[in-house]
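Q: Dropping a structure here in structure tokens format, bear with me for questions.
The values are calculated or read from the model by the stated rules, or taken from the named source; none is laboratory data. These numbers were taken from a predicted model, which means no experiment stands behind them. Quick reminder, even Gly has a Cβ in these numbers, built from the backbone with ideal geometry, and neighbours come from all protein chains shown. Each accessible area value is taken on the protein alone, full model and side chains, heavy atoms only, with ligands, DNA and RNA left out. Shrake-Rupley method; radii C 1.70, N 1.55, O 1.52, S 1.80 Å.
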Amino acid sequence: MSGTPGLFISFEGIDGSGKSTQVGLLEDRLRAQGQSCLRTREPGGSLGAEEIRRLLVEGTPDRWSAETEILLFTAARRDHLETLIEPALAAGQTVITDRFADSTRVYQGATRGDLRGTVDQLHTLMIKREPDLTIIIDIDPNVALTRGLARGSGEDRFEDFGLSFQEKLRAGFLALAEAEPRCHVINGAQTPDEIAKDVWALISPRL
Ligand code: ADP
Ligand code: TYD
């Protein structure tokens, strides 16, 4: 067990923006340097949270109200944090997560009515922790939607909300970045290697 807590990094952005690709590239780079790291994702990551994930990402767009979604995402996050993220950070591992609480702030907080206050209250009550560093991959929703739907993963419930929903999400993430110094925006229209270079320039000084 290391005495120093690990660095907690989140990747955020609209569906199909290239987060998972960058999380994978960063994990490879850290491991190549002999760094101990944990790669994870939300919704999911831990056993219990992966069960909740299935309820959230499959089915029709109107399956849950925005309020019910906030509760389910927060329940999944609490399990993820307790059972996976906090123990890894305490052991000195770098934790890289594909989405965290900023996704709830943007997806549930600002896109279907103004529920940001509810999201913030639940976060304060149940989650508390923020990442040390958040990377927002910014991309035109037209490009991202084509990439995302092309995957055909059966987990397209949020993509199925449509293009104007994705445009609201993009604006929501950019507004969040303006307000939060821990958030850094990277241009997602570049090649994967170019994006990875920008990511590394932000992360390497903090390791
Ligand atoms: P997300 O995790 O944000 O949904 P992914 O990393 O899964 O995004 O990428 C969505 C799709 O776009 C995948 O098919 C992936 O291979 C492709 N992709 C990822 N990054 C890029 C990029 N920089 N340029 C072109 N295609 C990309
Ligand atoms: P994810 O698997 O990251 O989707 P993608 O690879 O398409 O970006 O996340 C599944 C969906 O869940 C995604 O559309 C975003 C949504 N989501 C929320 O609405 N709120 C949240 O708090 C989180 C973590 C995800």
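Q: Determine if the stretch 118-127 includes at least one residue that is closer than 18 Å to Asp79 by Cβ, within 13 Å of the chain's Cα centre (by Cα), surrounded by fewer than 22 Cβ atoms within 10 Å (Cβ to Cβ) and not hydrophobic (A, V, I, L, M, F, W, C).
A: Scanning the stretch 118-127, I find no residue that is closer than 18 Å to Asp79 by Cβ, within 13 Å of the chain's Cα centre (by Cα), surrounded by fewer than 22 Cβ atoms within 10 Å (Cβ to Cβ) and not hydrophobic (A, V, I, L, M, F, W, C), so the answer is no.
Q: Moving on. Which one of these does His80 not meet: (1) within 18 Å of Arg157 (Cα to Cα); (2) in contact with a helix residue (DSSP H, G or I) (Cβ under 6 Å, 6 or more places away or on another chain); (3) near ligand 2 (Cβ under 10 Å from one of its atoms); (4) not basic (Lys, Arg)?
A: The one condition His80 does not meet is (1).
Q: Among the listed residues Thr134, Thr191, which satisfies the condition of being surrounded by fewer than 16 Cβ atoms within 10 Å (Cβ to Cβ), modelled with pLDDT of 95 or more and within 16 Å of ligand 1 (Cβ to nearest atom)? Quick ask: steps written out before the conclusion?
A: Working: Thr134 fails: surrounded by fewer than 16 Cβ atoms within 10 Å (Cβ to Cβ).
Result of the check over Thr134, Thr191: Thr191.
Q: For Val57, which of the numbered conditions (1) among the aliphatic types (A, V, I, L, M); (2) touching a Pro at 6+ places or on another chain (Cβ under 8 Å); (3) away from ligand 1 (no atom under 16 Å from the Cβ) fails to hold?
A: (3)
Q: Sticking with this structure for a sec: Looking at (1) closer than 30 Å to Asp193 by Cβ; (2) open to solvent by less than 50 Å² (accessible area, probe 1.4 Å), which is the only condition Ile70 fails?
A: (1)
Q: Something else now. Among the residues of the stretch 12-45, count how many are among the polar types (S, T, N, Q), within 12 Å of ligand 1 (Cβ to nearest atom), buried (at least 18 other Cβ atoms within 10 Å of the Cβ) and not in a loop (DSSP other than H, G, I, E, B).
A: Of the residues in the stretch 12-45, the ones among the polar types (S, T, N, Q) are 17, 20-22, 33, 35-36, 40.
Going one step further and asking which of them are within 12 Å of ligand 1 (Cβ to nearest atom), we end up with 17, 20-22.
Applying the additional criterion that residues be buried (at least 18 other Cβ atoms within 10 Å of the Cβ) yields 17, 22.
Narrowing further to those that are not in a loop (DSSP other than H, G, I, E, B): 22.
So the count comes out to 1.
Q: Can you tell me which residues in the stretch 83-102 are within 12 Å of ligand 2 (Cβ to nearest atom) and part of a loop (DSSP other than H, G, I, E, B)?
A: Let us first name the residues in the stretch 83-102 that are within 12 Å of ligand 2 (Cβ to nearest atom), namely 97-102.
Residues satisfying the conditions are Arg99, Phe100.
Q: Here is a further query. Would you call Asp79 within 13 Å of the chain's Cα centre (by Cα) and open to solvent by less than 50 Å² (accessible area, probe 1.4 Å)?
A: Numbers: within 13 Å of the chain's Cα centre (by Cα): no; open to solvent by less than 50 Å² (accessible area, probe 1.4 Å): yes.
So Asp79 does not fit the description; no.
Q: Could you list, in sequence order, all residues of the stretch 62-76 that are among the polar types (S, T, N, Q) and under 13 Å from Arg112 (Cβ atoms)? Full working, then the answer.
A: Restricting attention to the stretch 62-76, the residues satisfying the condition of being among the polar types (S, T, N, Q) are 65, 68, 74.
Scanning the stretch 62-76 gives Ser65, Thr68.
Q: Quick one: how many residues across the stretch 82-117 are aromatic (Phe, Trp, Tyr) and open to solvent by less than 10 Å² (accessible area, probe 1.4 Å)? Give the steps one after another, and end with the answer.
A: Step one: list which residues in the stretch 82-117 are aromatic (Phe, Trp, Tyr), which gives 100, 107.
Narrowing further to those that are open to solvent by less than 10 Å² (accessible area, probe 1.4 Å): 100.
Looking only at that region, the number is 1.
Q: Right, something else. Return the residues of the stretch 125-139 that are closer than 16 Å to Asp15 by Cβ and free of Cβ contacts under 8 Å to residues at least 60 places away in the same chain; say none if nothing qualifies.
A: none
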